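All remarks here apply to the structure that follows.
The values are calculated or read from the model by the stated rules, or taken from the named source; none is laboratory data. If you're wondering where the values come from, they're calculated on a predicted model, not measured in any experiment. Here Cβ is always computed from backbone atoms with ideal geometry, including for glycine, and neighbour counts include all displayed protein chains. Ligands, DNA and RNA are excluded from the accessible area calculation, which covers all protein heavy atoms including side chains. Shrake-Rupley method; radii C 1.70, N 1.55, O 1.52, S 1.80 Å.
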Amino acid sequence: MNEMVFPTAALLLGWSLDLILGDPPRLPHPIVWFGKAIAYGEHKLNKGGLRLWKGALMSVSLILSVFAISWCLRKALCSISPYLSLAFDAIAIFYCLAGTTLIREVRDVFSALDRSLDDGRRQVARIVGRDTSQLSEQEVRTAALETLAENLSDGVIAPLFWLALLGAPGMLAYKMVNTLDSMIGYRTQRYKDFGCWAAHIDDIANWIPARLTAAIMVTVAGRPQLLAFVWRNGRRHASPNSGYPEAALSGILNCRFGGPHYYFGELFDKPYIGENDRLLVSEDAGKAITVNRRSEFVAIIFVIITYLL
C-alpha cells in the first residue's frame, strides 16, 4: 500500500508547495547549484580543441552524477525511514516544478507594459534569452506567451513525465538536462560545438513531453481539432520540440508567434507559427494562464494514475 500512497503523497505535497510558494528567492535552489557546476565546467573546458567531446563529457557526467547522487541519497534516507524518502521526493518535486513562478512572471510582464514599454522590456528579460532592448510592445507580449507555452513543457509536463518514469532522481536529472540546454545549448560561435550534446540530449528528453503538452493544452481548451494545426506548425520551429506547445497556444489564442530575434548579439530568423498577426492583449495572458493551470492539473492526475497502475 505504501508503494502507492507515499509517491502520491509526495507528489501532492510537492505540487502544493509550488502552487503556494513558487520559487522563494531566499531558499537555496538545486537549479542554482546546477548552473554553477555548468558555468565552472564551461569556463574550464570550452577552449582549445576537441570542444565537442569536452562538452559531451561534461554534459553526460553532470546528468549521471545528479541521478546517481540523488538515487543514493534517497536510498539512504529510505533505509532510515520511508517518511524521509517521502520528504526527499516532495522537496525534489517542489524544486523541479516551475509552473507558478513563470505564471507570476508573465503576469508581471503584462502589468509592466501597462506602465511603460521600458518596464515591459526589463521584465520580460527575466524569462527569455533573447535581446529585449529593442522589442516592441507586441514583441514583448509574444515573447512572454511563447515562454509560458514552452515552460509548460520544460517546467511542468516534462519533469512530471520523468518523475513517473524514473522517480525523483529522474526528475532531478531531467532538470540538469534542461539547465544544460538553457545555458550552453545554443548555435552561437561560443556554444555551437561545446553545447551540441547538451542540446541534443535535451531534444531527446523532451520529445515525448513536448508533444504530450500540446495535446493536453488543446484538449483542456476544448479545441482538440487544433491537433492538425499543431502538427503542421510545430514542425516549423528550429527546435524539434518547442514549436509544439507554442503552436498549441498560438492556435488556442488565434495569434502568431516566432519571427527574427537576437540571441547573444546574433540574429536568428525563427519561422512564424500561426498566421493571424493580431494585437495581443492582457486577456490573452489570462486565457494562456488558465490553459497552463488546467494542463498542469491533468498532468498531475496522469502521474497519480501511473502510481495506481
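Surface composition of the chain: carbon plus sulfur atoms contribute 63% of the solvent-accessible area (1.4 Å probe, protein chains only, all chains present). Within a straight-line Cα-Cα reach of under 18 Å, Lys54 can be paired with the following lysines, leaving aside sequence neighbours fewer than 8 residues apart in one chain: Lys36, Lys44, Lys192. Dividing the convex hull volume of the alpha-carbon atoms in the range 57-138 by its residue count gives 109 Å³ per residue. Placing dummy labels 7 Å off each Cα toward the beta-carbon, the span from Lys192 to Ile80 is 5.0 nm. The GluC sites (Glu not before Pro) of the range 138-223 include none that meets both conditions, a loop assignment by DSSP and at most 14 other Cβ atoms within 10 Å of the site Cβ. Proximity of backbone amide H atoms, modeled 1.01 Å from N, is registered between Tyr272 and Gly259 at under 5 Å, excluding neighbours fewer than 5 places apart on the same chain. Of the trypsin sites (Lys or Arg not before Pro) found in the range 159-238, those that fall in a DSSP loop while having at most 16 other beta-carbon atoms within 10 Å are Arg187, Arg190, Lys192, Arg235, Arg236. Where in the range 41-59 does the label zone of Leu166 land, with the point 7 angstrom along Cα→C-beta and an amide N cut-off under 16 Å? Residues passing the 16 Å test: 57-59. Along each principal axis, taking the top coordinate minus the bottom one, the Cα set of the range 81-182 gives 54, 23, 16 Å in descending order. Its relative contact order, with pairs defined as Cα atoms under 8 Å and 6+ residues apart, puts the range 115-170 at 25 percent. Calculated accessible area for the chain comes out at 48 Å² per residue, all protein chains present (probe 1.4 Å; ligands, DNA, RNA ignored). Counting Lys and Arg as +1 and Asp and Glu as -1 over every other residue whose Cβ lies under 14 Å from the Cβ of Arg223, the net charge comes to +2. Under 21 Å Cα to Cα from Lys75, which lysines show up? Leave out anything in the same chain fewer than 8 places away. Within the straight-line limit of under 21 Å, Lys75 reaches these lysines: Lys175. Across the range 42-199, the mean sequence separation of Cα contacts (distance under 8 Å, 6 or more residues apart), normalised by length, yields a relative contact order of 32 percent.
Each Cα pair under 8 Å and six or more residues apart adds its sequence gap; the mean of these over the residue count of the chain is a relative contact order of 20 percent.
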